[in-house]
Ligand SMILES: *Cc1c(COP(=O)(O)O)cnc(C)c1O
């Protein structure tokens, strides 16, 4: 079976871990963590990058930084991973789901303004498949209504919108280094703070609500409990692994993009015959080939496609069950307006294997898919 995902390892991870081991500093914020922070700040332009245990915990930090109160609202797509909503629901806020665009499958910016109420505090955008949302419009709406923009950039490391790296356009951004993402550490993530506004408090929240980071920089002479917080920082072993990946990020990105292009070239014939719809990449977006997906005409067609691919030895998978139709989404959130595109995409989308090394199997995958679509 050709798997849907296979985590890529550069070959230098264990060497880095051996160094961390030799350094004898195993808790967080050692030399490797600092190097990862510097890499992220350089590559995104964020004022402050902070490694976390996951994108989920970075989103939770953003919710804490927003000081959300019970009943506050956060606008987001329903077509996303549960953590986008859970992070805010954990603070008692209500996820307000807005439909997505039929082309990029991202939050439909034309529907956002109508969903704003006096309780709205933030917009959480998700850059699906590493393709940017229409950020200029979203930032402009947020500015006009005094809302904060949080980017769930879990899938979007190294992607850009009009040349600007994703995750550092809104006030805060959350990245994931889960093994299913492009740059990995098993579990892992980072919070990006675009400018200094949230940076210092983010450090405090991440260090159990203490000013420990300032203490280590010699800015205060003792450290103490100063705010709400938790333990959001990963240990050095995780950061050491991640640094090996960051050192090769450019090559990983190029190889993934080459695979994505091969899929897209192959799939065009089926799109021309009206059998599938291909991903749309707007001109202003440079993506990171996080995912290659096809949109089939119906749920039945997709179910048959996945079964036929499996019979040919290729694992393909669908994606999100819309949050507005999930039990917790119905209990904790509410949809604003129709969810037509969300529901259709959830039924019709299928993801194809995209990982470093799948190059050797692409001809098999294409043959299997040609057969499944014939
Ligand atoms: C993967 C993913 C997450 C969760 O990332 P973790 O690092 O596993 O917490 C959140 N949002 C989106 C859109 C994702 O794709």
Over the range 283-374, relative contact order from alpha-carbon pairs under 8 Å, at least 6 apart, %: 45
Modelled label reach - residue 110, point 7 Å along Cα→Cβ, the range 123-137 residues with backbone N closer than 15 Å: 134, 137
Prolate/oblate/rounded call for the range 1-80, Cα gyration tensor, a/c under 1.5 rounded: oblate
Rel. contact order, % - alpha carbon contacts under 8 angstrom, at least six apart, the chain: 23
Spin-label proximity, residue 196 to the range 48-68 - amide N less than 18 Å from point 7 Å beyond Cα toward beta carbon: 48-50
Value at 222 nm in deg cm²/dmol, rounded to 500, when DSSP H runs of n ≥ 4 in the chain each add -39,500 (n - 2.57): -12000 deg cm²/dmol
Separation of alpha-carbon centers, the range 90-139 and the range 1-57, rounded to whole Å: 29
Tilt relative to the chain, helix 135-145 - C-alpha long axis, 0 to 90 degrees, to 10: 50
Nearest-ten-degree value, helix 299-311 long axis tilted from longest Cα axis of the chain: 90
Equivalent ellipsoid semi-axes, the range 1-135, via Cα gyration tensor eigenvalues times 5, rooted, Å: 34, 20, 14
Cα long-axis angle, helix 31-44 against the chain (0 to 90 degrees, to the nearest 10): 60
Candidates 240, 301, 153, ranked by Gaussian network fluctuation over the chain, Cα under 10 Å, top entry: 301
Under 17 Å from the residue 331 label point (7 Å along Cα→beta-carbon), backbone N, the range 56-77: 71
Sorted peptide list for 44-56, 337-349, criterion being average Cβ within 10 angstrom, highest first: 44-56, 337-349
Gained length - residue 222 relative to residue 6, 0.36 nm times residue gap less alpha-carbon distance: 73.2 nm
P(r) histogram, all alpha-carbon pairs of the chain included - 20 Å bins from 0, percent: 29, 57, 14, 0
Alpha-carbon centroid distance for the pair the range 288-358 / the range 214-273, whole angstrom: 24
For the chain, share of DSSP beta bridges that run antiparallel, in % to the nearest 5: 55
Sorted peptide list for 145-152, 110-117, criterion being average Cβ within 10 angstrom, highest first: 145-152, 110-117
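We did not get these values from a lab; they are worked out from the coordinates using the rules stated. As the structure is a computational prediction, the values presented were derived from the model and not from experiment. Positions of Cβ are generated from backbone atoms using ideal geometry, with glycine treated the same way; all protein chains shown enter the neighbour counts.
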